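Right, one structure below, let's go through it.
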Amino acid sequence: MEEYEDARRLMDLLFGFISAQVVRTMAALDLADHLASRPVTPGELAKLADCHEPNLRRLLRAAVHLELVTATGDGRYELASAGRLLCSGSPMKAMVNHMVGEPNWSAFGRLDHTVRTGGSAVEHVFGRSSYEWLAEHPEAQSAFYAWMREAAKADAPPLVACLDLDGARDVVDIGGGNGSLMAALLRAHPELTGAVFDLEAGLRGTSAVLEEAGVSDRCSLVPGDFLVDVPPAGRDAYVIKNTLSDWDDESAVRLLRHCRQAMRSDSGLFVIDMIMAEDDSSADSIALMSDMSTLIDKGMIRTGPEFRELFARAGLRLVTTREVPGGAVSVMRVATT
């Protein structure tokens, strides 16, 4: 019996890639949007989504198993609570479109290359980094930035409450592209001015976000590559959100050194990121899966000591660490040594 249960467990894990594609297909075909208002039959849904009805019915059967959709018993299907996370405007839908699409999908098929060699699976499969690949594929790049934008909107309120900017007059969001966090910070601190520093591709649409928030007159957009260029210098505060985890140690230290060059001796740096538990048996599942998602392209979710080592190599020191309530990230306040 135990052997049977182990085999069943392994089969569930083995076919996990199919479950992921069921979720992606629901997102790609906007099925949750069509199911959001009322239960429908497969035939009605096929017309709404312009799909092949027999195959759509089979997909819905799998979606019921995954608890994304519920069968009403009268031949119709309705959206389950988890399925509502796939509706348009949800950060989860944007994440699905990116995470289960390219370049991630093919790269995860060569995770063994990364584990065996230490190299990037993305570079092994596509011959370039994920950011370089996305720059050549506008539709995939758009999905990536949509995820960043929607996630930033959801993350902003608790982050603003955790960022101690008392006394600061100006702040730079490094890699802050979509501007959602900056907009929230400027609205919460009317005396503050800001700058968003990112690649030109990352800054597309940022002006509209700032204008909608009514803070565009207090924020400048500064195009630049944080691995090559130094951010705007001499500001009171700098913010790096969910960025260091995308890079290997050498690149992360290079970014932090550029921050150190820009900072005054009394400037503050706020690093917002996941922190991996030092004890593997107590590691958070979101942190673990996020670590796997960064592994294919030389990123990593770091432990507290690993962050402290990065900061030290860049001439910085960790002052405080504060967990963000209800979130998976922490705010690390960093100062010059």
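The values are calculated or read from the model by the stated rules, or taken from the named source; none is laboratory data. Just so we're clear, the structure is a prediction, and the values are computed from it rather than from any experiment. Glycine also receives a Cβ, built like all others from the backbone with ideal geometry; neighbour counts cover every protein chain displayed. The accessibility values were calculated without ligands, DNA or RNA, using every heavy atom of the protein model including side chains. Shrake-Rupley method; radii C 1.70, N 1.55, O 1.52, S 1.80 Å.
Miscellaneous remarks
- If the condition is being closer than 28 Å to residue 12 by Cβ and in a loop (DSSP other than H, G, I, E, B), then the range 45-75 contributes 51, 52, 66, 67, 68, 72, 73.
- Considering the conditions (1) outside any loop (DSSP other than H, G, I, E, B); (2) under 21 Å from residue 244 (Cβ atoms); (3) open to solvent by less than 30 Å² (accessible area, probe 1.4 Å), residue 147 is excluded by exactly one of them, (3).
- Single unsatisfied condition, residue 254 versus (1) touching a residue at least 40 places away in the same chain (Cβ under 8 Å); (2) outside any loop (DSSP other than H, G, I, E, B): (1)
- Near pairs, Cβ below 6 angstrom, 6+ apart or cross-chain, from the range 71-96 (over 9 Å from residue 32 (Cα atoms)) to any residue that is hydrophobic (A, V, I, L, M, F, W, C) and part of a loop (DSSP other than H, G, I, E, B): 80/68; 82/68
- Any hit, the range 179-200, residues being more than 30 Å from residue 28 (Cα to Cα), touching a strand residue (DSSP E or B) at 6+ places or on another chain (Cβ under 7 Å) and in a loop (DSSP other than H, G, I, E, B): yes
- Hits in the range 19-43 (condition: surrounded by fewer than 16 Cβ atoms within 10 Å (Cβ to Cβ), without any contact (Cβ under 8 Å) to a residue 40 or more places away in the chain and in a helix (DSSP H, G or I)): 43
- Set side by side, the residues 210, 192 differ, and just one is within 28 Å of residue 319 (Cβ to Cβ), modelled with pLDDT of 95 or more and open to solvent by less than 50 Å² (accessible area, probe 1.4 Å), which is 192.
- Considered as a group, the residues in the range 99-133 that are surrounded by fewer than 17 Cβ atoms within 10 Å (Cβ to Cβ) and among the aliphatic types (A, V, I, L, M) include one that is nearest to the chain's Cα centre (by Cα), and that residue is 111.
- Residues in the range 249-279 that are over 22 Å from residue 231 (Cβ atoms) and either open to solvent by less than 20 Å² (accessible area, probe 1.4 Å) or in contact with a helix residue (DSSP H, G or I) (Cβ under 9 Å, 6 or more places away or on another chain) (or both): 5 in all.
- Candidates 267, 251, 245 - the one that is farther than 26 Å from residue 297 by Cα and hydroxyl-bearing (Ser, Thr, Tyr): 267
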